[in-house]
1. Check Y168: other-chain or 5+ apart residues with amide H under 5 Å from its amide H, H built from backbone geometry?
2. Going by C-beta contacts inside 10 Å, put D197, D99, D51, D111 in order with the fewest on the left.
3. Would you mind classifying the stretch 101-140 by shape? Square roots of the alpha carbon gyration tensor eigenvalues, ordered a ≥ b ≥ c; an a/c under 1.5 is rounded, otherwise it is prolate if a/b is larger than b/c and oblate if not.
4. Cβ under 12 Å from A236's Cβ, A236 left aside: what net charge do those residues give with Lys, Arg +1 and Asp, Glu -1?
5. Fewest Cβ neighbours within 10 Å first, please rank Y198, Y227 accordingly.
6. Output the Cα-based Rg and Dmax of the stretch 87-264 in Å, rounding Rg to one decimal and Dmax to a whole number.
7. Can you give me the relative contact order of the stretch 87-264 as a percent, contacts being Cα pairs under 8 Å and 6 or more apart?
8. Quote the relative contact order of the stretch 56-128 in percent (integer), defining contacts as alpha-carbon pairs under 8 Å separated by 6+ residues.
Amino acid sequence: MSKSHASTRRRAGRLVVAAVAAGMTVGVVPAAHAAGQPDPAVAAALQRIADASGDINDCKLVYERDPALSAQIPCPWVNEGPDGPEVAIKTLNYNIRPDGTYENLDDLSMDSAETKAVISSWTSGGNTSMNDLVEVPEEVPAGAARVAPMAATGTWRLAKVTETNYSYLGNVIYRYVHYANFKYSGGKVTAWGARGDYLSNEASTVDDQGRIANTATKLSASTAYSYMKHKVALVAPLYGTYAINYPWVKIKMTGYGATSFSGAAL
C-alpha cells in the first residue's frame, strides 16, 4: 500500500473515531454484563481486532461496552493518534574527533557534550546486544566493481525510526524504536556502531517478549540495511493474551549518508 493511500486511510479512520466519540450520548445502550466476568461480545471483537478480520466497528464495540479497556487496545484501522504521525525518522550526522569528543555536522552551534547527550538519549533503554546479529551479503549488481573503502576516515550517522501503535481513541499503546549507528565514506558504508531496538510508552496490556530478529548487511557496502523485529503479546484483563504483534523496522543507508526505512507497528 502506498504512503499516500495509508495516509488517506489514517485520516478517514480518525474522522470515524471523532464522529463516534461525538455521538456517544445517542444510540443503543449496551446490554448489562456481570462485573468481573468476560464479555463474550468483547472477546469476539478482540479476536477480530487481533487478526484484522473485522473492521473499526469492533473497536467501537469494545469502547461502548468497556471504555477503559478500549483505551488500552490497539485498533489496526486507526494508525494515527493526536500526538503525531504513524512513523517518524530522525538522523544525526557527526564526527568523532581524535580526542574522543563529538562534532555535530548538522548543527555546528552544538558543542560536543550536547551532541553526545543527544546520541545517548536516542539510544538509552535499548537492547544493544549484537550477539544474535546475522550479517547478510551486500546486494551488488552482476558485473559491478567493488571499490575499497577508506576505513580510517568517514562520517558517522545515527538513524532512529519510531513506529507507533495507537488505540481506537488515539492513545499510544506502544512505540517501537530501532536505531542504527553507521559510518560512511567514499560511497561506502564502512562500519557499524551501536544498533538496537526497544519499546516505550507501553500500555498496561503490553507484554514485551523481546527481540526475535536482528540482521545487518556485511560491510563494506554501497548500500546497507539494519533490520530488527520484536515480539509483543497483548494481554487484556479478564481476557488474557488475545493477540501477538511483531513490530519491525528496516533502515536503509547508502555510502553517501542517505537514509530511508520501512516497517510496521503491528
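Derivation of every value follows stated rules applied to the coordinates shown; laboratory data play no part. Computed from a predicted structure; not experimentally measured. Using ideal geometry, Cβ is built from the backbone for each residue, glycine included, and neighbour counts are taken over all protein chains shown.
1. Here I73, C75 satisfy the definition.
2. Fewest-to-most Cβ neighbours within 10 Å comes out as D99, D51, D111, D197.
3. Judged from the Cα gyration tensor, the stretch 101-140 comes out oblate (a/c at least 1.5, b/c at or above a/b).
4. Computed value for this residue: -3.
5. Y198, Y227
6. Computed over the Cα atoms of the stretch 87-264, radius of gyration and Dmax are 18.0, 61 Å.
7. 19 percent
8. Reported as a whole number, the value is 14 percent.
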